[in-house]
Amino acid sequence: MSDKIFFITTAIDYTNAPPHIGHAYEKVLADVLARWHRERGRSVFFLTGVDQHGQKVQQSAEKVGLTPAKFAEEVTKSFKALWAKLGISYDGWAETTDPRHIRAVQDVLQQLHDQGDLYRAKHSGYYSIRQEQFLTDKERNEEGEFGPEWGEVVLLEEENWYFRLTKYRGWLAEYLADHPDFVTPAFRGAELANAVAKEAGDLCISRPKSRLGWGIELPFDRDYVTYVWFDALMNYATFAGYRAEADAALPAFDTLWPCDAHVIGKDILVPAHGIYWPIMLKASGVKAMPKLLVHGWWNLGGAKVSKSSGNVVDPAVLAERYGTDALRYYLMRDIATGQDADFNEERLRVRYNADLANNLGNLVNRTVSMARRYREGILISSAAEKSSDIATLEALGAEVARRFDDAMRTYQVHTALEAVWDLTVAANAFVESSAPWKLAKDTAQSARLDEVLRALVEASRLAAALLHPIIPEAADRLLAQLGFSGNLSIAWGVAGAEHRVGEPVPVFPRLENPTSV
Ligand code: MSP
C-alpha cells in the first residue's frame, strides 16, 4: 500500500430539509469504507458535510420565517446529530458558509475570470425553480412538457455569468476514454461518456442578487452570487486545504489529493460530478482527477423517498428502535453498491433476527457460555494435533477474510457480509457436529474439547473483527465477551496459551414479533 492518505468524501447534504434514509445510507457506506481502510493500517481522511447555500434553502427559510443562515444552521444540526448517532467517523466537516471555503471559491472564480473562462451574457428561457437551472428542449418529456421533476417552471430573461464548459469538453471526453476507472461502477461511466458526447453549452454560474441573496458573492461582480453547485462542488478541495488556510489539525492538501472515492448517488453524476466538477478542476489548474463511486437509491415501495415519507423512514427513529448497528447492518446488507433497493422495515426486522440474533449473536453467546460452563472461562491450548474438522474451519476462516477484503476493495460491502456469514453458519454447524456437551462428559476427550472451544473462539473473534467497520459498537462488545477487547486482527490463532473469555450478554436480543413493528 502506498503512503498516500486514503481520501474519501461523500456528497454534502443539502440543508433545505432534514436527513432521510438515503442520506444515512451514503454516510454509512463511506464510513464503513473509511473504517475498513483504517483497520487495515492505512491513513484515512474522511470528509463529509452540508451544502448550505442556494435558492431552496432561501425559500424553505422564508416559509418558516427564518433567515437562510439560521435555517441552514438548524438543519445542519439535525445532520450532525444523526451522524453522531450513527457513528459516522468523519475527520473533516464541510459547511459551505465557512469563510475559508468562501474565500477559496472566490479565489478560483477570480482566476477563471482572469484567464477568460467566464463571460457575461443575456439569456431568456424557461427556468426550473426547483432545480435552479434554465431548461432547454432536451429537458422536455415525450409530451413536449417539462415534467413534474422540474417543479415550478417560469419564463425568465436574465443576464448572467457563464463558464466555458465547451472549451474543455474535448479534453473531458478524452480523459474519460483514457481513464475507465474514473467512475465506478462501469455502467455509470458509460452513461457519463454518452452524456458528455451530447452535452452542449456552457454553464451559468451566477444568480442575480435581486432574486437570490443566499450564496457566495462573485468577486468581480457584486450584483451576483455563485450558482450553488459550483460552490458546493468546490468543498471537496477547499475542505482538504485547497486555497484555504490549512487547518492545523488536518493533513495538507498535497497529501490528500486526488480524492480516492467521491461517494455520490446516481442522481448527481450527470452533469454535476461527471462534467462540471472535472472541468472546474482542470480549468483551475488541478491536474489529478478524483475517482467517483456512484451508489444507487433506496426507494420506498418502488417510489422515491420524499420529504413526506421522511417520518416513516427517519433514520434516527430506526436507530433508536433497533440500535445503530442493526440499522447500519441492514443498510449495508440489503443493497448491492451501485444498484437500487427497496427500504422495508419488516425486512430489517427479519434480517435482524435471522442474521444478527440467531446466527452471529447466538454463535458468540454459545461459545462464551460453553467456555465458562466447561472450562470456567479459561481455554488452555492443547498440544494435540489439529483435527481435520478444525483445520477445515481454520481454512474457511482464512478464505473468508480474503474474500471479505477483496469485496471491500471493490466497494461490494454486501458481498463482504455474505462471506462473514459463510463463516458464522459453518461455525454454528461445527458446534452441532463437534457437540462440546458430549465431549465435556468424557475425560478422555478433554484435549479435543479445548481444541473445539478454542476454534469456536477464533471463528467468532474473526467474524467480529471482520464486521467491525460495519457494526463497530456491537463488534466491540462481541470481542470483549470473547476476551479480545480492542483486537481487530483478522488472522487465525490470536488466543494466547491461556485465554480467558468474558461474560456472555446478548448483543442482539431477539425481536419477539419480526413481522410487525
Ligand atoms: N447538495 C447536493 C450534493 C452536492 S455535492 C457537491 C445534493 N444533496 S442531497 O441532500 O439532495 O443529496 C445528498 C446525497 O444523498 C446525494 O449523493 C444523493 O444521491 C443521496 N441520496 C438522496 N436520496 C437518496 C436515496 N433515496 N437513496 C440513496 N441515496 C440518496 O444532492
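Each reported figure results from applying straightforward, stated rules to the coordinates on display, with no laboratory input. In this text, all values refer to a predicted model and were calculated from it rather than measured experimentally. When we count neighbours, we look across all protein chains shown, and the Cβ atoms used for this are built from the backbone with ideal geometry, even at glycine.
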Item to complete: With r as the distance between the Cβ atoms of GLU418 and ALA384 and R0 = 35 Å, compute the FRET efficiency 1/(1 + (r/R0)^6) and round to 0.05.
Response: 0.60
Discussion item. If you average the alpha carbon positions of the stretch 306-366 and of the stretch 1-52, how far apart do those two centres end up, in angstrom?
Written reply: 19
Fill in: Folded to 0 to 90 degrees: helix 165-178 orientation relative to the chain principal axis, Cα
30
Practice prompt. Just the number, please: percent antiparallel of the DSSP beta bridges in the chain, rounded to the nearest 5.
Written response: 55
Practice prompt. For the chain, divide the Cα radius of gyration by the Kirkwood radius and give the resulting Rg/Rh value with two decimals.
Written response: 1.05
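Let me have the relative contact order for the chain, percent, based on Cα pairs under 8 Å that are six or more residues apart.
15
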Practice prompt. Would you mind calculating the relative contact order of the stretch 96-228 from Cα pairs under 8 angstrom and at least 6 residues apart, reporting the percent as a whole number?
Written response: 23
Item to complete: Output the relative contact order of the stretch 209-294, whole-number percent, from Cα pairs under 8 angstrom with separation of 6+ residues.
Response: 24
Worksheet item: Roughly how many nanometres apart are two label points built 7 Å out from the Cα toward the Cβ at ASP342 and THR255?
Response: 4.8
Worksheet item: What residues have an amide H closer than 5 Å to that of VAL263, excluding those fewer than 5 places away on the same chain, when H is modeled at 1.01 Å from N in the peptide plane?
Response: THR9, THR10, ALA11, LEU293
Item to complete: Taking amide H positions as placed in the peptide plane 1.01 Å from N, state which residues far from VAL50 in sequence (5 or more) or on other chains have amide H under 5 Å from it.
Response: ASP13, ALA94, GLU95, THR96
Worksheet item: If the chain between GLU143 and LYS122 were fully stretched, how many nm would it gain, using 0.36 nm times the residue separation less the Cα-Cα distance?
Response: 4.7 nm
Worksheet entry | Nearest 10 degrees, 0 to 90: helix 68-85 Cα axis against the chain principal axis | 10
Worksheet item: Which order, highest average first, do 331-338, 257-264, 233-240, 274-281 follow once you tally other Cβ atoms within 10 Å for each residue and take the mean per peptide?
Response: 233-240, 274-281, 257-264, 331-338
Worksheet entry | Simple spin-label estimate for GLU152 and TRP171 in nanometres, 7 Å along Cα-Cβ | 3.9
Worksheet item: What is the sum of charges around GLY170, taking Lys and Arg as +1, Asp and Glu as -1, for the other residues whose C-beta is under 13 Å from the C-beta of GLY170?
Response: +1
Item to complete: Just subtract the alpha-carbon distance of ARG100 and ALA200 from 0.36 nm times their residue separation and send over the number in nm, one decimal.
Response: 32.7 nm
Worksheet item: When the chain is fully extended, how far beyond the present Cα-Cα distance does SER489 get from SER210, taking 0.36 nm per residue of separation?
Response: 94.5 nm
Discussion item. Counting only helical runs of four or more DSSP H residues, what would the 222 nm mean residue ellipticity of the chain come to if each run contributes -39,500 (n - 2.57) and the total is spread over all its residues?
Written reply: -14000 deg cm²/dmol
Worksheet item: Which of the lysines could a cross-linker span from LYS85 if the Cα-Cα distance has to be under 25 Å and same-chain partners fewer than 8 positions apart are dropped?
Response: LYS27, LYS70, LYS77, LYS304, LYS307
Discussion item. Take THR136 and SER369, extend 7 Å from each Cα along the Cα→Cβ direction, and tell me the distance between the two endpoints in nm.
Written reply: 6.7
Worksheet item: Once you have the alpha carbon radius of gyration of the stretch 278-378, what is it after dividing by 2.2 N^0.38 Å, with N set to its residue count?
Response: 1.64
Practice prompt. Could you name the aspartates and glutamates whose alpha carbon sits less than 12 Å from that of LYS138, not counting residues in the same chain fewer than 8 places away?
Written response: GLU199
Item to complete: Tell me which residues come under 5 Å, amide H to amide H, from GLY151 once H is placed; ignore anything under 5 positions away on its chain.
Response: none
